[in-house]
Amino acid sequence: KTWLTFDAAVSIATGRPFLGVAPVTRTGPVLIIQQEDYNGQTAERLSVIIHSRLRQTRPHMDGDTAVIPDSPDIPIFIHPDRKLRFDNEESMKSLRAAVEKLRPVLVIIDPLYAASSTENFMAEAAGQMSPLKNMRDEFGTSFCIVHHAKKGSDPRERERLWGSQFLNAFMESGWQ
């Protein structure tokens, strides 16, 4: 899930085809809010995809000198607030300020369960996410929200993955 969204981020930020195949018709800045992985892992994953897409020269040795090529200026931003909560007014103000400043084409929020209440199969989550649609309309920003069940062996996890029908009604498109 994270690799796919990061590939989408690189594709939208650079104009390179998504997954090396699907053309990108709208390019621009991307804002990533990654709440599961530490920033070093996020940077490492993005750099692997960027290297693959742009075919950059890898760091290498020239005699006794390390040659580290300049990185291209790619407008991908990692939001510093790793505690985004849809039910927290200050957190949502911070997100809105970042969207207003950066005007990203895409905001990736990963994962949903970290940003919303999981009570009652996330029935409250859809209502708490309504500011995202307001930001979409006001700033022309799309939101990709990654949702998955906990990584465990409990057979009920599949049911939790689906969530509330309110959550399904909120969604405008989805990958499964």
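The values are calculated or read from the model by the stated rules, or taken from the named source; none is laboratory data. Bear in mind the structure is a predicted one, so any value in this text is a computation, not a measurement. FYI the Cβ positions are ideal-geometry reconstructions off the backbone, even for glycines, and counts take in every protein chain you see. Side chains included, ligands, DNA and RNA excluded: accessible areas come from the protein's heavy atoms. Shrake-Rupley method; radii C 1.70, N 1.55, O 1.52, S 1.80 Å.
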Amide H proximity to PHE77 below 5 Å, modelled H, separation 5+ or other chain, gives VAL30, LEU31, ILE32
Carbon and sulfur atoms account, in whole percent of the 1.4 Å probe accessible area of region 1-95, for 52 percent
Counting sequence-distant residues (5 or more places) and residues on other chains, those with an amide H built under 5 Å from that of VAL24 are PHE18
Check SER142: other-chain or 5+ apart residues with amide H under 5 Å from its amide H, H built from backbone geometry?
LEU106, VAL107
Assign unit charges at the C-beta atoms only (+1 for Lys and Arg, -1 for Asp and Glu), then state the dipole size of region 1-68 relative to its Cα centre in Debye, rounded to the nearest 20.
360 debye
In range of the label at VAL48: residues from region 1-42 whose backbone nitrogen is under 17 Å from the point 7 Å along Cα→Cβ
1-11, 19-20, 36-42
Using +1 at the Cβ of each Lys and Arg and -1 at the Cβ of each Asp and Glu in region 1-55, identify which of THR5, THR42, PRO29 lies farthest towards the dipole's positive end.
PRO29
